[in-house]
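Inspection log for the structure reproduced underneath, given as structure tokens.
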Amino acid sequence: MQLKIYKDHGSSSDAAASEIIELVKNKPNAILCMASGETPRLTCKLLVEKAIAQKVDLRHITFIGLDEWVGIPPENDGSCYHFFHTEIFKPLNFSADQVHLFDALSGNLEEECLKMDATIFEKGTIDLMIVGIGMNGHIGFNEPGVSFNNYSHVIDLDEITISGGQKYFKTPATLKRGITIGLKHLQESKKVLLMANGTKKAGVIKKTVQGEITNEFPASIMQTHTNGFVMIDEEAATLLDHKK
Ligand code: GLP
């Protein structure tokens, strides 16, 4: 794993967007897996701008959504579906068959997980995974205590995730379970970028980068990835022992 500290969130988002553009230039049918949330929003905006300016066509990639709130419909603007649709799919004219997002309203969530795993295995390995980090160290909805060996799964949400997750919703949402890509997928991805910014993430970044590797703090798995990059701004780096 490598730590990359950028001057500000704009610079790290620009670097992440460029990573996607370069990947697609070299491999038009790449498999990209991304988180939604506040952290990658600017990356998405810059990705759209770069794709248009450089005439890079992303319509041959396979897009995998990292996670979704169980029971939240796609039209709810707090859903991960809504985020991707607004930030990426619509501006870049993605087609329905290139995007694979969990159906959080499915009556058979186990089947949703198997379907997602089958898609990933059929298409090959995920080329690039871009994730954020929750205030409890989760990645996607891989909550504290999760196995590092899970593929896609459904999980009961942690209290911190339930209360913190309200920020995405205009009216209070009932959040109980999440459906998510597992950490085994992360380990098998060719490249992983974990992004974080702001002083509020400084504590979780310290644990991610310099803490014990433990499933009680899922993001610590980044330390084991040989092609993993923790991309943060200076504010998120303020609690690290030795900045590099
Ligand atoms: C959410 C999502 C994650 C996301 C994380 C951080 O609950 N499940 O996929 O990366 O928390 O979100 P944010 O970037 O909004 O801080």
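Please give the charge dipole size of the chain, origin at the Cα centre, charges +1 on K and R Cβ atoms and -1 on D and E Cβ atoms. Round to the nearest 20 debye.
On the way: 25 positive and 31 negative charges, 149 e Å.
It comes to approximately 720 debye.
Between beta-carbons, use under 10 Å as the cut-off and find the net charge around Gly134, counting Lys and Arg +1, Asp and Glu -1.
On the way: positive: Lys201; negative: Glu143, Asp158.
Here the count lands on -1.
So what is the relative contact order for the stretch 132-240, in percent, with contacts set as C-alpha pairs under 8 Å and at least six apart? Could the numbers behind the result be given before it?
Values: 198 pairs, mean separation 35.7, N = 109.
Computed over the stretch 132-240, the figure is 33 percent.
Sum -39500 (n - 2.57) across every DSSP H segment of at least 4 residues in the chain, then divide by the residue count to get the 222 nm mean residue ellipticity, nearest 500.
Values: 7 runs with 72 residues, N = 244.
Helix contribution divided over all residues of the chain: -8500 deg cm²/dmol.
Under 1.5 on a/c is rounded, so check that first for the stretch 115-244, then, if it is not, pick prolate when a/b is larger than b/c and oblate when it is not; a ≥ b ≥ c are the square roots of the alpha carbon gyration tensor eigenvalues.
Cα axes put the stretch 115-244 in the oblate bin.
Placing +1 on the Cβ of each Lys and Arg and -1 on the Cβ of each Asp and Glu in the chain, which of His242, Phe89, Ile61 has its Cα farthest towards the positive end of the resulting dipole?
His242
Check each of the GluC sites (Glu not before Pro) in the stretch 75-116 and keep only those in coil by DSSP with at most 11 other C-beta atoms within 10 angstrom; list them in order.
Details: sites: Glu75, Glu87, Glu110, Glu111, Glu112; in loops: Glu75.
In loop regions of the stretch 75-116 (DSSP not H, G, I, E or B), the sparsely surrounded GluC sites (Glu not before Pro) are Glu75.
Let me check against my output: what whole-number percent is the relative contact order of the chain, with C-alpha pairs under 8 Å and at least 6 apart?
Working: 498 pairs, mean separation 61.9, N = 244.
Relative contact order of the chain: 25 percent.
Is the stretch 1-74 best put as rounded, prolate or oblate by its Cα gyration tensor, with a ≥ b ≥ c the root eigenvalues, rounded for a/c under 1.5, and otherwise prolate when a/b is larger than b/c, oblate when not?
oblate
What lysines sit close enough to Lys167 to cross-link, taking a C-alpha to C-alpha distance under 18 Å and skipping anything fewer than 8 places away on the same chain?
Lys176, Lys200, Lys201
Which of Gly65, Gly124, Gly137 moves most in a GNM of the chain, Cα contacts under 10 Å?
Gly124
Out of the DSSP beta bridges found with both residues in the chain, what percent are antiparallel (nearest 5)?
Details: 9 of 32 bridges.
Looking only at bridges with both residues in the chain, the antiparallel portion is about 30 percent.
Hey, in the GNM for the chain with a 10 angstrom Cα cutoff, which one of Leu47, Leu105, Leu66 fluctuates hardest?
Leu105
Can you tell me what the convex hull of the Cα atoms of the stretch 169-242 projects to on average, as an area in nm²? Before the final figure, lay out each step's value.
Working: hull surface 26.0 nm².
Its Cα hull, projected and averaged over all orientations, spans 6.5 nm².
Among DSSP bridges having both ends in the stretch 126-244, what percentage is antiparallel? Round to the nearest 5. Let's see the in-between values first.
On the way: 6 of 15 bridges.
The antiparallel proportion sits near 40 percent.
Among residues other than Phe148 whose Cβ falls under 14 Å from its Cβ, what is the net charge (Lys/Arg +1, Asp/Glu -1)? Could the numbers behind the result be given before it?
Details: positive: Lys184; negative: Glu143, Glu188, Glu212, Glu216.
Surrounding charge for Phe148 is -3.
Which residue, chosen from Ser147, Ser79, Cys44, occupies the Cα position most advanced towards the positive end of the dipole of the chain, where the dipole is computed from +1 (Lys, Arg) and -1 (Asp, Glu) charges on Cβ about the Cα centre?
Result: Cys44, furthest along the dipole toward the positive end.
Could you list which residues have their amide H under 5 Å from that of Asn150, counting only those 5 or more apart in sequence or on another chain, with H placed in the peptide plane?
Leu183, Lys184
Quick note: the coordinates plus some simple rules give every number you see, no bench work behind them. These figures come from a predicted structure and were not determined experimentally. In this analysis, Cβ positions are derived from the backbone assuming ideal geometry, glycine residues included, and neighbour counts consider all displayed protein chains.
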